[in-house]
Amino acid sequence: MSTITTSETVQPRALHRSPSSIARVGFGRLIAVELRKATNTRAARALLIASCGVSLLAMVIATIVNVNEHSVGSIPMFLQFAVVFCQILLPLVAVMLVTSEWTQRTGMVTFAIEPRRALVIFAKLAASLLLAVVVAVVLGAASLGLVWVTQAASGQPADWTNWFVAVGSNVLAQLIWVLIAFALASLFLNTPAAIVGFFVVQLVFSVIFQILGQLSATKDIVPWFDISSAVSKLGSGQLFGYWAPPQYDASADWGHLVVALAVWMVLPLVLGLIRVIRAEIK
Amino acid sequence: MITLDHLTKRYGTYTAVNDVTFTAEPGRVTGFLGPNGAGKSTSMRIIVGLTPATSGSAKVNGTHYHDLTNPARVVGTLLDASAQHAGRSGREVLALGAFATGMPKSRVDELLNLVGLTEQESKRRVRNYSLGMRQRLGLAHALIGDPEILILDEPANGLDPAGIRWMRELLSHYASRGGTVLLSSHLLNEVELIADHIVMIGHGRIVAEGSPAQLGQSAESVVSSLDNERLGALLTAAGHKITGIRDGEITVVGQPVDIGRLALENQIVITGLRQAGGLEDTFLELTASTQRDASMNGVAA
């Protein structure tokens, strides 16, 4: 601690007198602020690096294996690594962006600077999605690049058909998981609860729904709630009619996806927004 | 200017803030004084819209906080020095604040310098800050938007005596430039040092309001002499009501000048004469019924 600073260091300038001359903080700046918050803590950086790094590492290992065996890798094979790590880790960045305002109590500062709380939440949502897009696109590009490497190394032609559908639908699936995590975070406003809630929805329910899907009593209801199955059909491009089984009709699965999203994403997000707007920030 | 008008906040049957009306004027430091749980923090949160009021209103410059164009440029707040992300450095906290309020980056160094945090300290994570350093950082953050109003909840908490003196100078300088300061404290001597105007609150209600001098005034004097018995009789005869006799001291209604004159006229040697109370007695007296634990809070305060 330095020695006492006396008031001499205060510039004796007149205080603001016309609030009308002060510009409103725009939504763009709010998003930029939230992007900065999402990346300027050690925990958030670690998660971002881990989600990208672990995926890339897995991809590189797969490439080495392929090159050694003189085989060519496929785009979906590489993207699968992005899915496995990113859809678990990337949503946690979104969770923390919301919940840390409560667990670290920075909400008292954030919502004093911007009292329109819904705007803050939407800025956080936009920032989470932007980060997710960047990570998903980087990993998509890495997948394409590594397929090319295996192609060059093995001398066999890779399957490049509809590569943009493969990468694009993968990005979409990542975004949906981020949105679901974000919605649960704004509902729970507590980091551990939101993370556990997210994994229950993503992993535990998926197992339960698989079992229920085999029971005759429940097998017709399950697809409407089985978000994991619906999102994986989207991410694999099946919903867009690519790499689908023969005689596949996507319309039923689109319906399932929409309903499951309403249940696991829209509903918690709406309830969460109401909670955030009404809550007392302490 | 901050105006509270019949502000009330209820939680179920519990009334945290009860019909509070006062104005924090520009150009002076208004001290919000009261024991813990008196409703100071709740009132402050209501002013900045973090807590909804049950009834009544709280306005800054005649406007609801929510309706200010860029509130942090008008009102600087420090509601809890510990409410900062433990994983960010002090410098990053301020940089983020400057960015969020649209202030230039240069503001960060300006404020670090103002609150006496060194370059090195500013790079440490907030989790490693002492309470005093967090208060300095919090004050810097409150000032980041160059506001004309400051709302500070227990800002002197955790500061050493030199730090309190520093804060007094900073805030009185700020007020002398036309700024409005509303700060809270549960420590009387702190408020006495820093504030020009005191609003005393207990159990959610305003119990007294005025300058430290005004609140310190008492109608009673405490006198001791070599002949307390005769002095007591003379005082009673002269119409001064005696309210207590303890440890050789007489507490009596009346100003010291009158009592001294009476003793002089009757040739009684006075060994001690002072005005009863002062702010501390007023504070304890006024909040005695609302103290959570008189033996703990009251005496220690």
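Taken as entire DSSP H runs, the helices of chain A that both span 20 Å or more between Cα atoms along their own long axis and average 1.6 or more on the Kyte-Doolittle scale are A:75-103, A:117-154, A:163-188. This model, with +1 at the C-beta of Lys and Arg and -1 at the C-beta of Asp and Glu, gives the protein assembly as shown a dipole about its Cα centre of some 1100 debye.
For B:R28, the amide hydrogen comes within under 5 Å of the amide hydrogens of B:V181, counting only partners 5 or more places away or on other chains and with H modelled in the peptide plane. Helix B:90-101 and the longest principal axis of the C-alpha atoms of chain B enclose an angle of approximately 80°.
Rounded to the nearest 500, what is the 222 nm mean residue ellipticity of the protein assembly as shown from helices alone, with -39500 (n - 2.57) per DSSP H run of 4+ residues and division by all residues? Let's see the in-between values first.
On the way: 22 runs with 293 residues, N = 583.
Taken over the protein assembly as shown, the calculation gives -16000 deg cm²/dmol.
Summing Lys and Arg as +1 and Asp and Glu as -1 over all other residues whose Cβ lies under 15 Å from the Cβ of B:G239 gives a net charge of -1. Shown in residue order for segment B:171-185 are the 3J(HN,Hα) couplings computed by the Karplus curve 6.51 cos²θ - 1.76 cosθ + 1.60 at θ = phi - 60°: 6, 5, 5, 4, 5, 5, 8, x, x, 9, 10, 10, 10, 10, 6 Hz (x for Gly and Pro). The simple Förster model, with R0 at 56 Å and r as the Cβ-Cβ distance, assigns B:Q217 and A:V196 a FRET efficiency of 0.40. Between B:R230, B:R205, B:R124, the Gaussian network model of chain B with springs among Cα atoms under 10 angstrom shows the greatest mean-square fluctuation at B:R230.
Once you sort the root eigenvalues of the Cα gyration tensor of chain B as a ≥ b ≥ c, which label holds: rounded (a/c under 1.5), prolate (a/b larger than b/c) or oblate (the other case)? List each step's numbers first, then the result.
Details: a/c = 2.62, a/b = 2.03, b/c = 1.29.
Prolate, since a/c reaches 1.5 and a/b exceeds b/c.
Can you tell me what percent of all Cα-Cα pairs in chain A are more than 25 Å apart? Please list the in-between numbers first.
Numbers: 22173 of 39621 pairs.
Value for chain A: 56 percent of Cα pairs lie more than 25 Å apart.
If you take every DSSP beta bridge whose two residues both sit in chain B, what share of them, in percent to the nearest 5, is antiparallel? Taking every DSSP beta bridge with both residues in chain B, the antiparallel ones total about 65 percent. Listing B:D146, B:D160 from fewest to most neighbouring C-beta atoms within 10 Å gives B:D160, B:D146. Anyone know which of A:S169, A:S71, A:S236 comes out most mobile in the 10 Å Cα GNM of chain A? With Cα springs under 10 Å in chain A, the top fluctuation among A:S169, A:S71, A:S236 is at A:S71.
Which order do B:T23, A:T150, B:T243, B:T13 fall in if you start with the one that has the fewest other Cβ atoms within 10 Å?
Details: B:T23 17, A:T150 24, B:T243 12, B:T13 5.
Fewest-to-most ranking of B:T23, A:T150, B:T243, B:T13: B:T13, B:T243, B:T23, A:T150.
Note on chain A: dipole from Cβ charges, positive end direction compared against A:G53, A:L131, A:M108; the farthest Cα belongs to A:M108. Separation of the alpha carbons by more than 25 angstrom is noted, of A:K37/B:K105; A:K282/B:K40; A:K282/B:K123; A:K37/B:K40; B:K40/B:K241; A:K282/B:K59, for A:K282/B:K123; A:K37/B:K40; B:K40/B:K241.
When the Gaussian network model of chain A links Cα atoms closer than 10 Å, the mean-square fluctuations of A:S154, A:S216, A:S229 top out at A:S216.
Quick one: net charge around A:R105, please, counting Lys, Arg +1 and Asp, Glu -1 for every other residue with C-beta under 11 Å from its C-beta.
Numbers: positive: A:K282; negative: A:E101, B:D80.
Result for the local shell: -1.
For chain B, the residue among B:G102, B:I47, B:T15 whose Cα projects farthest onto the positive side of the dipole built from Cβ charges is B:G102. In this label model, A:K219 and A:R45 are separated by 5.3 nm, measuring between points 7 Å along each Cα→Cβ vector.
Computed from the C-beta positions of B:D281 and A:A118, the FRET efficiency with R₀ = 60 Å rounds to 0.75. What does the C-alpha gyration tensor say about the overall shape of segment A:97-142? Classify as rounded when a/c is under 1.5, otherwise prolate if a/b is larger than b/c, or oblate. Judged from the Cα gyration tensor, segment A:97-142 comes out prolate (a/c at least 1.5, a/b above b/c). Taking the number of Cβ atoms within 10 Å of each Cβ as an exposure proxy, the fewest-first ranking of A:Y242, B:Y11 is B:Y11, A:Y242. Ordering B:Q267, B:A233, B:H203 by the projection of their Cα atoms onto the charge dipole of segment B:168-279, which places +1 on the Cβ of Lys and Arg and -1 on the Cβ of Asp and Glu, puts B:H203 at the extreme positive end. Over all distinct Cα-Cα pairs of the protein assembly as shown, the Kirkwood formula returns a hydrodynamic radius of 28.1 Å. The Cα atoms of segment A:70-130 give a gyration tensor whose axes a ≥ b ≥ c have a/c of 1.5 or more with a/b greater than b/c, which makes the shape prolate. Net charge of the neighbourhood of B:I46, taken over other residues with C-beta under 14 Å away and scored Lys/Arg +1, Asp/Glu -1, is +2.
Computed from backbone phi with θ = phi - 60° and the Karplus coefficients 6.51, -1.76 and 1.60, the 3J(HN,Hα) list for segment B:12-28 is x, 8, 8, 9, 7, 10, 10, 6, 8, 10, 6, 10, 9, 7, x, x, 8 Hz; x is used for glycine and proline.
Every number here is computed from the coordinates shown, using simple stated rules; none is lab data. Since this is a predicted model, take the numbers as computed values, not measurements. Glycine gets a Cβ as well: all are built from the backbone with ideal geometry, and neighbour counts include every protein chain shown.
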